[in-house]
Amino acid sequence: MIALQHLSKTYRAEGRSVHALRDINLQIPQGQIFGIIGRSGAGKSSLLRSLNLLERPDSGSIRIAGEEITTLDAAGLRALRRRIGMVFQHFNLLSHRNVAGNVRFPLELAGGHTKADIEARVNELLELVGLTEQREQFPSQLSGGQKQRVGIARALATQPQLLLCDEATSALDPETTLTVLQLLLDINRRLGLTIVLITHEMAVVRAICDRVAVIDDGAIVESGPVAEVFLHPRHHATRRIVAEGAYTPLPTLGKQGATSTRLLRLTFLDGATYEPIIADVGQQLDAPINILQGSIGRIKDRPYGQLIIGFDGNAVRARRAFEARGVHVEELTA
Ligand SMILES: Nc1ncnc2c1ncn2[C@@H]1O[C@H](COP(=O)(O)OP(=O)(O)OP(=O)(O)O)[C@@H](O)[C@H]1O
């Protein structure tokens, strides 16, 4: 478990002050994949880099597994960083070392390992990330996805308890992004490793995170289980992130129906996603239901669906009928 309390950070440069982190309070449960999402400049990197003290907060407390890390001395800090792996957006591989050499590097730095131990660990890690055959290749001979796999293997070399991912898939195409996210999910499940990732893409959070925190202008504005935050965003910064590419703005929708039409947003999660609920409710209320927009998808391994429907009739009865079938209902104003 990671607990952040009243974390603040201000950068001062050229006579200007930038409040990068404002009174951050956050709990990150052990063994989960935790996403921190926000737009450019929101403070994501500052927050992530505080967790291994690459960035020092001005004030506040950071406890990892019960240990306050902001007061560690140099030796304590070195030991801490061996327990925390980090994966970077631009991979940061050593170009003059081959794949095995890059993965071996943190073990050589840490010291105390025999050559045989190091080779066994490197082999195990290359197997884990699917790069056994590429072990002799140099970074310039690898694809972006392969480079990031090396980055992940290297980050895991010292058997950390925590993996920090700094926009780990932002430099990759969508297909490669999915394979790297799948690898992170496998690692989280197989090794029980806590992963904290920062991203500006909701799709990344939706694919693998258990919980998410939304950061805006240096402050956490919303946090919780991904399904809750994604399907029922409360803060305007979250709504903006979720809405990017999701729905046509509502005023356009309103013009499509009669003025008396009520617009309801229905959210289906898990089992409800597969039931013929619209047909059932239409029949029960004896009123036609007009489907105006819809999307289906997955939040990690949970199926969900969202529909915006137009409906002439008793909205209270409709709401009750949907809620009785486990559907979340929200009335929208066109
Ligand atoms: N070393 C620094 N000196 C001065 N200002 C900084 C420094 N590092 C970051 N900032 C400022 O602090 C704010 C937060 O930056 P941060 O990099 O944490 O945001 P971010 O959400 O990670 O952004 P991005 O997605 O663009 O990387 C920004 O306004 C940024 O310009």
**Asked** Name the residues in the range 101-113 that are in contact with a Leu (Cβ under 7 Å, 6 or more places away or on another chain) and among the aliphatic types (A, V, I, L, M), would you?
**Response** Val103
**Request:** Identify all residues within the range 207-221 that are touching a helix residue (DSSP H, G or I) at 6+ places or on another chain (Cβ under 6 Å) and either away from the ligand (no atom under 12 Å from the Cβ) or in a loop (DSSP other than H, G, I, E, B) (or both); write none if there are none.
**Result:** Ala207, Ile208, Cys209, Val212, Val221
**Request:** May I ask you to list pairs of residues, at least six apart or on different chains, whose Cβ atoms are under 9 Å apart, with the first in the range 281-294 being over 15 Å from Val316 (Cα atoms) and the second being of a type in the set (Asp, Glu)?
**Result:** Pro288/Asp312; Asn290/Asp312
**Message:** Looking only at the range 188-203, filter to residues that are over 24 Å from Leu77 (Cα atoms) and crowded, with 20+ Cβ neighbours inside 10 Å; which one of those is nearest to the ligand (Cβ to nearest atom)?
**Reply:** Thr199
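For (1) modelled with pLDDT of 95 or more; (2) surrounded by fewer than 17 Cβ atoms within 10 Å (Cβ to Cβ), each residue gets a yes or a no:
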site: Lys44; (1), (2): yes, no
site: Ile62; (1), (2): yes, no
site: Thr70; (1), (2): yes, yes
site: Leu77; (1), (2): no, yes
site: Leu80; (1), (2): no, no
**Asked** Looking only at the range 109-138, which residues are crowded, with 19+ Cβ neighbours inside 10 Å and in contact (Cβ under 8 Å) with a residue 40 or more places away in the chain?
**Response** Val129
**Asked** Within the bounds of the range 319-334, is there any residue that is surrounded by 17 or more Cβ atoms within 10 Å (Cβ to Cβ), in a strand (DSSP E or B) and free of Cβ contacts under 8 Å to residues at least 60 places away in the same chain?
**Response** no
**Complete:** Ile36 vs (1) more than 16 Å from Ile152 (Cα to Cα); (2) in contact with a helix residue (DSSP H, G or I) (Cβ under 8 Å, 6 or more places away or on another chain); (3) in a loop (DSSP other than H, G, I, E, B): all pass except (3)
**Request:** Filter the range 146-173 for residues that are assigned to a helix (DSSP H, G or I) and either small (Gly, Ala, Ser) or in contact with a Cys (Cβ under 7 Å, 6 or more places away or on another chain) (or both) and give the result.
**Result:** Gly151, Ala153, Ala155
**Asked** Here are some residues: Gly76, Gly41. Which one is assigned to a loop (DSSP other than H, G, I, E, B), without any contact (Cβ under 8 Å) to a residue 12 or more places away in the chain and either assigned by TED's automatic domain parsing to the domain that holds Arg135 or more than 16 Å from the ligand (Cβ to nearest atom) (or both)?
**Response** Gly41
**Asked** Hey, among Ile277, Ile308, which residue is among the hydrophobic types (A, V, I, L, M, F, W, C), within 21 Å of Val229 (Cβ to Cβ) and buried (at least 16 other Cβ atoms within 10 Å of the Cβ)?
**Response** Ile308
**Fill in**
Tyr11 fails exactly one of (1) crowded, with 17+ Cβ neighbours inside 10 Å; (2) near the ligand (Cβ under 9 Å from one of its atoms), namely (1)
**Prompt:** Which of the residues belonging to the range 48-68 are under 16 Å from Met1 (Cα atoms) and either part of a loop (DSSP other than H, G, I, E, B) or within 15 Å of the ligand (Cβ to nearest atom) (or both)?
**Reply:** Leu48, Ser50, Leu51, Asn52, Ala65, Gly66
**Request:** List the number of the failed condition for Ala153; all other conditions in (1) surrounded by fewer than 23 Cβ atoms within 10 Å (Cβ to Cβ); (2) closer than 24 Å to Asn98 by Cβ; (3) at pLDDT 95 or above hold.
**Result:** (1)
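The values are calculated or read from the model by the stated rules, or taken from the named source; none is laboratory data. Because the structure is predicted, anything quoted here is derived from the model rather than measured. Please note: Cβ atoms are built from the backbone with ideal geometry, for glycine as well, and neighbour counts cover all protein chains shown.
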